[in-house]
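Have a look at the structure below, then the notes.
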Amino acid sequence: MSAVFRAARGGLGGRKLQAVIIGLVVLAATAASTLALGMLADAHSPFDHAFASQHGADVAVTADTTKASAAQLSGAARAHGVTAAAGPFATESVTAQLTIPGLNGTITTPLNLVGRSSPGGPVDQLTLQSGHWATSDSQIVLSSTAPGQVGSTVTIGKQVLTVAGVANSVTNTADAWVLPAEMSAIAGPGGTGQAQLLYRFSASATSTDIAGDVGAVTAALPAGAVLGTVSYLDVRQSEQSSVAPWVPFIIAFGVIALVISVLIVVNVVGGAVVAGTTRIGVLKSIGFTPAQVAAAYVLLVAVPAVTGAVAGAVCGNLLAAPLYRENAQVYQVGVLGVPFWVDLAVPLAVLALTVVAAVGPASRAGAMSAVQAIATGRAPKPRHGFLAQRALARLTSVPRAVTLGFASPAARPGRTLVTVTAVLFGAAAVTFGVGLATSLNRAYGEIQAAAMPVQVSALPPGLAGGQQAPGGQGKHIKNGKLKVIVGPGARLTAAQRRAITTAISAQPGTLHSVTEATDHLSLPGLSGGHGGAQLTAYGGGDPSWTGLGLISGTWYSQSPGVREIDVNTLFLTDTNTKVGDTYTLANGGHKVTVKIVGEVFQPGNDVNVFLSPSTLSAIDPPAGGVARYDVSLKPGVSPDAYAAGLGAALGDNYDLSTQSGGAKELLAVVALVTMLTLLIVAVAGLGVLNTVALQIRERAHDIGVFKALGMTPRQTLTMIACSVAITGLVAGIIAVPAGVLLHHNVIPAMTHAANSGYPSALISVYSVPEMIGLALAGLLIAVAGALAPASWAARSRTAAALRTE
Amino acid sequence: MDTVVHLENVTKRYDGAAAPAVADVSLRVEPGEAVAIMGPSGSGKSTLLNLIAGMDRPTSGAVRVGDERVDMLSEAGAARFRRRQVGMIFQFFNLLDDMTVIDNVLLPAQLAGVRAREARQRAEELLTALRIAHRRDAYPARLSGGERQRVAIARALANRPALLLADEPTGAVDSATGDEIGRLLLELNAAGQTLIVVTHSPELARRYARRVVHIADGRVASDTVTGARS
């Protein structure tokens, strides 16, 4: 065996370029595949991690305590299939007034309140994000999804409580918790009338399992006692990882990288064996058996492949790190990473593929007779391409170096086909990546209403710049920063509106402006997991000026008597409605029946409703009016400069903000797309480099003859570049429709993963001139891959080349 | 015309080699001369030829062919020089196996940018003169050793070079064919072609060259005008 290792090591020393190429190709394939599989595993992984670590509730039951006694409620824990239970906890939906330290005014917010003595327990262990659990009756702990922070004051009826801590329930079982005694004080003598029961079951993987579990608990309780249930599956679906929308495109890149790498490894390994045929003959002549020869060549490939696989797994983890970090923060489960089984399985799979690719040609080499191997290796005769050579020689108006190059691919049709395919995939990745980046840019622009980058509102007296007045319902952003969306009560006065509209009209660079007011309501038919719906009323102009993308339908009418709304896909899914249906908005005593006239592109886990100011006023009168103005600018006008000018015109009592137009997240994803595209292009280029290097090696003597006959270095370079040009051009032409097709399949998959449909603007991203340019990508990849070996061949000494046999 | 080839204290040492392949060689070849360079294997004969053709560069010394200082040329310059001034004939023919006879002969002219019609006319003339016109569309694998060498000679003469260099031109053929090749070279020289032939065969040198330069261990051991040719 040591002889085999020595033979493999010796072979490696003489084939450094091939060893490097194999290593790099395997590295790229492993990195891309690790990233893809890791992201796929992570689609639900953060929630699953958190659910497992917090012993999340498979089902949360709200029971009527007037129909079931405490003993009966506790007894339900013995229902069939229950493995753990918590509760009963007194629960009640209340309306609270919330203040935030440092800000004037209060926020009115609905809260689902639960009385619990501690955050721990057999089910639904709460994790404290800040502060501590309530230690007295005057304290309250808020959920991370509720407005407020440690130190806030929450007034519920006559009870004034201080927020002691902020906690997270993985299935959002409550908006806030108080001690049981405080719950009684809030509820009054009659009690809350409701209790929360939390269960874990032995079988809960599917909705069928859950339905059976709920049935068992319902049967264990008196009839009519169960008021409502929430399954963890519904929460899981709505809380799916923020990386889920990215999974389709990462998988697409991963598959492309794998395919290219397999092709190139086959090419490289086959070429390494062909190039080493003489050596094989020598090994056999000194006594190596066929199996030993084959083993030596498999080892020769395996050594750089192992290095590449290990390095690739590390690179894949590094590429995935930024995406995982975000999830870890959201779900408070520490730093997540690529699952260990992915780090093990992917390199092993890629290695296995490499070895399989090597076994074929290595076995053929092993089976060769020693004499045949030496004879073949000394002067490999061309067996193909004669017709092409002859036909192209007739093109006397074309420089001879060019026709010599064009004829070259025909000499090794099998290798040419593999190279074309590898370049094709690389060029398809470029086409796909360019389209994807464009779609993502448009998507972010449409989601963020980036067409109106300037927002103008007024500051109530006493507020510092950047803060907005509380006075309505609000929602914290999950990154921990305090931001209050202006709601009912914080509206501009008539004088302020006049001042703003006058200033906007007078400011150079103004294109359009609309008014905006927002609200947050619980609406009928929405599952509890979304925390209600975000309502946005654009008025005083065409809502289409905001740049928000319409997937279908039209924008709502601004006419006061017309009741129309536009909604996002999640609204339609949740309420089981479609564009054209009517829907009744209900809020307290107000009910308004509206027609759904359009579906807006707003992916994600929030339900969005867009409506006219008059419709908003009808459903929630305090929310009427104008909170701010949004302004779109003429082309070429800088938002920051415009905002500075408008701010100077309005004075200190007004707040202006601008959108950058490109979220950090967009930049990170586009950077990832670019990195993956370049990785694949590099791999394809390496494939071409190997093919050309092999070609040059096989034709080194012929190149020497050409040079002896007077071929200059430039002609040599031209000849070699032309030998890959046709290959690259053909690959590029086929790659464009392939890349476009991939794009047209991946974008819908991505938007679907983000709970949304997609507007046509996300698909129609390729222009004809762009596609023509992209068709040249294959040519560029091919020529770039050929340049290094071609330059070497051009510079080599004629006498040295002639000595090569 | 002045001296065709002038080597002045030319030395060629390869990296790592203990002894130079060519050591301090000085040599002149006049127009129309037929010179045989003889010596045992490894004596530096082929290296000398490569240096004259500009296919390799000396470690020191000067190589002149006509007015050209060949050792100072770049790779591109050396290639252009070879197109114009030098025709090479190799022991193992060095024909391109995937090209027909006519395409092999056309190659130097095509690389030099000679007009297609002119190049083809010259190629046909050469093939006829060398009695292989009937094989113009054949591939080298189908030719005998003698035929291949005649194709190689035709290719070497395509651009009417001032100097014909032949490295063991009969080394890969049988003696009868070798005689035939030798006679061809004689005819060319008789027509005024300057010829330098590398050979290890005294018989060949005696029959086809007027001057024999013996090389041993990279040095000129002797330089004799024999005058005798048959």
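The values are calculated or read from the model by the stated rules, or taken from the named source; none is laboratory data. Just so you know, these numbers come straight off a predicted model, no measurement behind them. So basically every Cβ, Gly included, is an ideal-geometry build from the backbone, and we count neighbours across all protein chains shown.
Before moving on, here are some points about what is shown:
- Test for A:Val783: is it away from every other protein chain (no Cβ under 14 Å) and at pLDDT 95 or above: no
- Count - residues of region B:32-52 that are surrounded by fewer than 22 Cβ atoms within 10 Å (Cβ to Cβ) and part of a helix (DSSP H, G or I): 0
- Checking B:Arg150, B:Arg82, B:Arg115 one by one, the residue that is within 11 Å of another protein chain (Cβ to nearest Cβ), buried (at least 24 other Cβ atoms within 10 Å of the Cβ) and at pLDDT below 95 is B:Arg82 and no other.
- Hits in region A:585-614 (condition: within 9 Å of A:Val567 (Cα to Cα), out of contact with any Leu (no Cβ under 7 Å at 6 or more places or on another chain), of a type outside the set (A, V, I, L, M, F, W, C) and modelled with pLDDT of 90 or more): A:Asn608
- Residue list for region A:570-615, restricted to those being among the acidic types (Asp, Glu) and loosely packed, with under 15 Cβ neighbours inside 10 Å: A:Asp581
Listed here are the residues, each with its yes/no results for (1) crowded, with 18+ Cβ neighbours inside 10 Å; (2) in a loop (DSSP other than H, G, I, E, B); (3) out of contact with any Lys or Arg (no Cβ under 6 Å at 6 or more places or on another chain).
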site: A:Arg497; (1), (2), (3): no, no, yes
site: A:Ile504; (1), (2), (3): yes, no, yes
site: A:Thr515; (1), (2), (3): yes, no, yes
site: A:Asp519; (1), (2), (3): yes, no, yes
site: A:Gln534; (1), (2), (3): yes, no, yes
site: A:Ser544; (1), (2), (3): no, no, yes
site: A:Leu548; (1), (2), (3): yes, yes, yes
site: A:Gly561; (1), (2), (3): no, yes, yes
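- Single unsatisfied condition, B:Leu107 versus (1) within 11 Å of chain A (Cβ to nearest Cβ); (2) surrounded by fewer than 22 Cβ atoms within 10 Å (Cβ to Cβ); (3) under 19 Å from the mean Cα position of the chain (by Cα): (2)
- Condition check for A:Thr658: surrounded by fewer than 20 Cβ atoms within 10 Å (Cβ to Cβ), β-branched (Val, Ile, Thr) and either closer than 15 Å to A:Ser457 by Cα or under 30 Å from the mean Cα position of the chain (by Cα) (or both): yes
- The residues in region A:765-805 that are touching a residue at least 40 places away in the same chain (Cβ under 8 Å), of a type in the set (Gly, Ala, Ser) and not in a helix (DSSP H, G or I) can be counted, and the count is 1.
- Hits in region A:65-115 - residues which are surrounded by 17 or more Cβ atoms within 10 Å (Cβ to Cβ), out of contact with any Pro (no Cβ under 7 Å at 6 or more places or on another chain) and assigned to a loop (DSSP other than H, G, I, E, B): A:Thr65, A:Ala79, A:Gly81
- Looking across A:Asp64, A:Asp124, one residue alone is touching a His at 6+ places or on another chain (Cβ under 9 Å), of a type in the set (Asp, Glu) and in contact (Cβ under 8 Å) with a residue 60 or more places away in the chain. It is A:Asp124.
- Some residue of region A:144-154 being touching an Asp or Glu at 6+ places or on another chain (Cβ under 9 Å), closer than 26 Å to A:Ser53 by Cβ and modelled with pLDDT of 85 or more: no
- Residue that is farthest from the other protein chains (Cβ to nearest Cβ) [pool: residues in region B:89-104 that are in a helix (DSSP H, G or I) and free of Cβ contacts under 8 Å to residues at least 40 places away in the same chain]: B:Ile102
- Residue within region A:74-94 that is within 39 Å of the chain's Cα centre (by Cα) and free of Cβ contacts under 8 Å to residues at least 60 places away in the same chain present: yes
- Unmet criterion (only one of (1) farther than 19 Å from B:His200 by Cα; (2) free of Cβ contacts under 8 Å to residues at least 24 places away in the same chain; (3) among the hydroxyl-bearing types (Ser, Thr, Tyr)) for B:Ser175: (1)
- The residues of region A:393-411 that are more than 7 Å from chain B (Cβ to nearest Cβ) and in contact with a Gly (Cβ under 9 Å, 6 or more places away or on another chain), listed by number, are A:Pro399, A:Ala407, A:Ser408, A:Pro409, A:Ala410.
- On the stretch given as region A:788-805, residues that are out of contact with any helix residue (DSSP H, G or I) (no Cβ under 6 Å at 6 or more places or on another chain), modelled with pLDDT of 90 or more and buried (at least 19 other Cβ atoms within 10 Å of the Cβ) total 0.
- Residues of region B:191-214 that are in a strand (DSSP E or B) and not hydroxyl-bearing (Ser, Thr, Tyr): B:Leu195, B:Ile196, B:Val197, B:Val198, B:Arg211, B:Val212, B:Val213, B:His214.
- Verdict on A:Pro635 being free of Cβ contacts under 8 Å to residues at least 24 places away in the same chain and more than 14 Å from chain B (Cβ to nearest Cβ): yes
- Only a single item in (1) crowded, with 22+ Cβ neighbours inside 10 Å; (2) within 18 Å of A:Gly360 (Cα to Cα); (3) not aliphatic (A, V, I, L, M) is not met by A:Thr289, and it is number (1).
- Number of the condition not met by A:Val692 [criteria: (1) away from chain B (no Cβ under 14 Å); (2) modelled with pLDDT under 85]: (2)
- Residue ID - nearest to the other protein chains (Cβ to nearest Cβ), chosen from residues in region B:53-79 that are hydrophobic (A, V, I, L, M, F, W, C), surrounded by fewer than 24 Cβ atoms within 10 Å (Cβ to Cβ) and under 21 Å from B:Arg13 (Cβ atoms): B:Leu73
- Hey, A:Gln129 assigned to a strand (DSSP E or B), buried (at least 17 other Cβ atoms within 10 Å of the Cβ) and touching a residue at least 24 places away in the same chain (Cβ under 8 Å) or not: no
- Residue within region A:414-437 that is at pLDDT below 90, farther than 22 Å from A:Ala775 by Cα, part of a helix (DSSP H, G or I) and not charged (D, E, K, R) present: yes
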